[in-house]
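See structure below.
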Amino acid sequence: MEPINRTLKRMISNPSFATRMEEMKREVLENRDIQEFLQENEAEVSPAVLESSMSKLYEYIEQTHDCKGCPNVAGCVNLIKGFEPRLVMGRGRIELDYLRCRNGRIEDERQSISAMIHSMHMPKDVLQATFSNVDLTDGSRVLAIRAAKTFIDSYESSGEFPTKGLYVHGPFGVGKSYILGAIANELADRQVATVLVYVPEFLREMRQSIQENSLSEKMEVVKNAPVLMLDDLGAETMSSWTRDDIIGTILQHRMAQGLPTFISSNFTYDELKHHFTTTQRGEKEPVKAGRIMERIKALTTPIQLQGKNWRESY
């Protein structure tokens, strides 16, 4: 086998290799970014420094800048996905410093927003909801979005939350959960953390948490969320324990602390009170049901949604 040194010497002495090297140098030195950098640093860039830095300069021009040609971070063509090179002087030669690119910053912001929403058993489409994607052909949705924007605008102007969230109610499939998700994402854009809870599954989890000794920890997350959204309240199988010790405790704490709460339900206030009145065992407890409803009314403003069932369209 031919020694590597002899191979390299033979390659370098090859006329085609020398021609290619000259073409690469010319390509590098004709690049506008590199010309500007050399002018800005002409006091430090001697011919020797330029020669020794040629490989770094070529690495620079071979990569994309300002995300040109890259649809997103996953499709990034640079050496380090989501980063673009910047020319810097360092230790007597030209170096490359890799900085987060525009698409990378957008993805970071998107992940930061997603991290502001703590979801418990919510579907993916709800977590990706936006105001711009809410169908406004029905007037009731217009009213719901207007009320939601009023809540957000009040927070933006004063830095404090309004005393009441929304109680969005209406038939199955009209977009109640989607509107809660859109509000959560609007708040996340403003770095406001939201806990979004699908109530029936959450209550089943609470029962299991007793055996796992994690009930208190999970309750604290929900009770103290900066903004809490309870989705599909009333769809759960009601027991006196879930009503009084879980839902009642959460609502009482949030009412006492003035923490904003949003709720969606198939029921009106009166229908939800009836739901809370009769437990799984058939017990009638109108006083306890009334106590829960007083907390809900103190925390929310009712908004009725109407329109077609969007789930029947699929």
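With the contact rule set at Cα under 8 Å and sequence spacing of 6 or more, what percent relative contact order holds for the stretch 40-156?
18
Which of rounded, prolate or oblate describes the stretch 204-283 when judged by the alpha-carbon gyration tensor and an a/c cut-off of 1.5?
Note, shape of the stretch 204-283 comes out oblate.
State, as an integer percentage, the relative contact order of the chain based on alpha-carbon contacts under 8 Å between residues 6 or more apart.
Numbers: 441 pairs, mean separation 53.5, N = 314.
Relative contact order here is 17 percent.
Can you pull the Kirkwood radius for the stretch 89-233, inverse mean 1/r over Cα pairs, to one decimal in Å?
Answer for the stretch 89-233: a Kirkwood hydrodynamic radius of 17.5 Å.
Taking θ as phi - 60°, what are the ³J(HN,Hα) couplings along the stretch 52-57 by the Karplus curve (6.51, -1.76, 1.60), each to the nearest whole Hz, with x for Gly and Pro?
Working through the residues one at a time gives 6, 9, 4, 5, 5, 5 Hz.
State the label only: which of (i) 1.67; (ii) 1.55; (iii) 0.97 corresponds to Cα Rg over 2.2 N^0.38 Å computed from the shown model?
(ii)
Leaving out ligands, DNA and RNA, what percent of the accessible area of the chain is carbon and sulfur, probe 1.4 Å?
That share works out to 51 percent.
Going by the alpha-carbon gyration tensor, a ≥ b ≥ c the square roots of its eigenvalues, is the stretch 156-314 rounded (a/c under 1.5) or, if a/c is not under 1.5, prolate (a/b greater than b/c) versus oblate?
rounded
At 1.4 Å probe size, with every protein chain present, just tell me what the per residue accessible area of the chain comes to in Å².
It amounts to 56 Å² per residue over the chain.
Charges on Cβ only, +1 for Lys and Arg, -1 for Asp and Glu, centred on the Cα centroid of the stretch 155-314; of Ile292, Asn213, Ile183, which one is farthest towards the dipole's positive end?
The listed residue farthest towards the positive side: Ile292.
Å³ per residue of the Cα convex hull, for the stretch 121-195? Before the final figure, lay out the partial values.
Values: hull volume 7.6 nm³, N = 75.
Convex hull of Cα atoms, per residue: 101 Å³.
Lys297: which aspartates and glutamates have alpha carbons under 12 Å from its alpha carbon, excluding same-chain residues fewer than 8 sequence positions away?
Of all the aspartates and glutamates, those that pass the test against Lys297 - Cα under 12 Å, at least 8 places apart if same chain - are Asp270.
Determine the relative contact order of the stretch 71-226: mean sequence separation of Cα pairs under 8 Å and six or more apart, normalised by residue count, in whole percent.
24
The values are calculated or read from the model by the stated rules, or taken from the named source; none is laboratory data. Predicted model, so just to flag it, every value in this text is computed and none were measured. Note that we place each Cβ from the backbone using ideal geometry, even for glycine, and neighbour counts take in every protein chain shown. Surface areas here come from the heavy atoms of the whole protein model, side chains and all, with no ligands, DNA or RNA. Shrake-Rupley method; radii C 1.70, N 1.55, O 1.52, S 1.80 Å.
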